[in-house]
1. How high is the FRET efficiency between residue 96 and residue 75 when r is their beta carbon distance and R₀ equals 22 Å, given to the nearest 0.05?
2. Could you sort the peptides 112-122, 35-45 by per-residue average Cβ neighbour count (10 Å cutoff), highest mean leading?
Amino acid sequence: MGFGGGNSGGVRADINITPLVDVVLVLLIIFMVMTPTLLKEHEVKVPDKAEVETNATPTNTEEVVVSITSTGRVQLNHEPIELPALADRVRESMENRTEKRVFFEIDDEANYGDAMNVIDICRGSGVKVLGLMTKSL
């Protein structure tokens, strides 16, 4: 019992939509996976050109500078410190300050995860303003 009409050996004229459905489903899955990562926002304040010249680096010796080397070693004001003790030391240094800010000097070859971990520790210790130091050319 054949359902096709006419000759059975010829070219079919109807469109096969199965590949189109496959492509649409793959695109749907990609967008469903990527949407939550695109919604994560980090507020970044980009300074004006005048601010860059005046506030680019710490101005006095009382500023708190956290350094991260390429080997993952953490330093607080150029003194080596263990990661578990970092939160307490930063909290102590922020107690008597009106402006709770920390500058980060991160080596170019430093692990991104280590840097974010140190930044999170400092943020949890009461730091309100985070500054990233860059190398001038």
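1. For residue 96 and residue 75, the calculated efficiency is 0.50.
2. Final packing ranking: 112-122, 35-45.
Taken together, the values in this text are just the output of simple stated rules run on the coordinates, not laboratory data. Keep in mind the model is a prediction, meaning the values are calculated, not measured. Note that we place each Cβ from the backbone using ideal geometry, even for glycine, and neighbour counts take in every protein chain shown.
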